[in-house]
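The structure appears below as structure tokens.
The values are calculated or read from the model by the stated rules, or taken from the named source; none is laboratory data. Treat the numbers as computed from the prediction; the structure is a model and nothing was measured. Cβ placement follows ideal geometry from the backbone for every residue including glycine, while neighbour counts extend to all protein chains displayed.
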Amino acid sequence: MALEMNWSRGLFRFWVIISVAWVFLVGVLFVPTIRNMNDPVFFYDGSQVLQFPANTPVENVRARITDYLKTKDAQATPPSQRDPVEYDAEANIIMGDYQPRYVKDDAIRSAAFAVGVPISILMVGWALLWIGRGFRRQR
């Protein structure tokens, strides 16, 4: 008595096991990253370290750094007379490519990655099985 294998059921079970492992792996890799999202961000202007919460908007960081630079120049001997545009330009240099980090955005991105990959693999597998069934002999 020959046993006939049910490929679609076997591949579906294989997909379920791999998908659970994938979601677990993504969780293990991304949860520590999300947990560190609230760590402060540091900027260095050459003599002072400036610290901000990681989710501070860019405009607020630029304004605070500009105010810091103006205060620093006002306290200098002799006081520096710079154009306000120069303060903004220096603040942009200090900030570099700073972008605020939001836990919600990264959590949504991680969840979409964790679920999207297995679903796309399921769709490709389903399409391949559908194509393969089109080549079966009719009985």
Checklist (1) within 30 Å of Val16 (Cα to Cα); (2) touching a strand residue (DSSP E or B) at 6+ places or on another chain (Cβ under 6 Å); (3) not β-branched (Val, Ile, Thr) applied to Phe52, failing item: (1)
Here the residues within segment 8-28 that are more than 14 Å from Leu129 (Cα to Cα) and either exposed (fewer than 11 other Cβ atoms within 10 Å of the Cβ) or of a type in the set (D, E, K, R) (or both) are Arg13, Ile17, Val28
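Return the total of residues in segment 81-107 being aromatic (Phe, Trp, Tyr) and surrounded by 15 or more Cβ atoms within 10 Å (Cβ to Cβ).
Residues of segment 81-107 aromatic (Phe, Trp, Tyr): 87, 98, 102.
From the residues that got through so far, the ones that are surrounded by 15 or more Cβ atoms within 10 Å (Cβ to Cβ) too are 87, 98.
Selection size over segment 81-107: 2.
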Within segment 90-105, restricting attention to residues that are without any contact (Cβ under 8 Å) to a residue 60 or more places away in the chain and part of a helix (DSSP H, G or I), which residue is nearest to Tyr44 (Cα to Cα)? Ile94
If you go through segment 10-33 one residue at a time, do you hit one that is assigned to a loop (DSSP other than H, G, I, E, B), at pLDDT below 85 and either under 30 Å from Ala127 (Cβ atoms) or under 17 Å from the mean Cα position of the chain (by Cα) (or both)? no
Before we move on, is Ser110 out of contact with any strand residue (DSSP E or B) (no Cβ under 9 Å at 6 or more places or on another chain), surrounded by 12 or more Cβ atoms within 10 Å (Cβ to Cβ) and part of a loop (DSSP other than H, G, I, E, B)? no
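So that you can scan it fast, the table gives a plain yes or no per residue for (1) exposed (fewer than 13 other Cβ atoms within 10 Å of the Cβ); (2) of a type in the set (Ser, Thr, Tyr); (3) in contact (Cβ under 8 Å) with a residue 40 or more places away in the chain:
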position: Phe30; (1), (2), (3): no, no, yes
position: Ile34; (1), (2), (3): no, no, yes
position: Pro57; (1), (2), (3): yes, no, yes
position: Val61; (1), (2), (3): no, no, no
position: Asp67; (1), (2), (3): yes, no, no
position: Lys72; (1), (2), (3): no, no, no
position: Ala76; (1), (2), (3): yes, no, no
position: Pro79; (1), (2), (3): yes, no, no
Of (1) without any contact (Cβ under 8 Å) to a residue 12 or more places away in the chain; (2) not assigned by TED's automatic domain parsing to the domain that holds Ser120, Phe24 satisfies every one except (2)
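When you check Phe113 against the structure, is it closer than 30 Å to Ser8 by Cα and assigned by TED's automatic domain parsing to the domain that holds Leu11, yes or no?
On the way: closer than 30 Å to Ser8 by Cα: yes; assigned by TED's automatic domain parsing to the domain that holds Leu11: yes.
Answer is yes for this residue.
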Read through the list (1) out of contact with any Ser or Thr (no Cβ under 9 Å at 6 or more places or on another chain); (2) without any contact (Cβ under 8 Å) to a residue 40 or more places away in the chain; (3) assigned to a helix (DSSP H, G or I); (4) not polar (S, T, N, Q), then give the number of the only condition that Tyr87 fails. (1)
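Working carefully through the options Val124, Val115, find the one that is loosely packed, with under 13 Cβ neighbours inside 10 Å and assigned to a helix (DSSP H, G or I).
Numbers: Val115 fails: loosely packed, with under 13 Cβ neighbours inside 10 Å.
Of the residues listed, the single one that is loosely packed, with under 13 Cβ neighbours inside 10 Å and assigned to a helix (DSSP H, G or I) is Val124.
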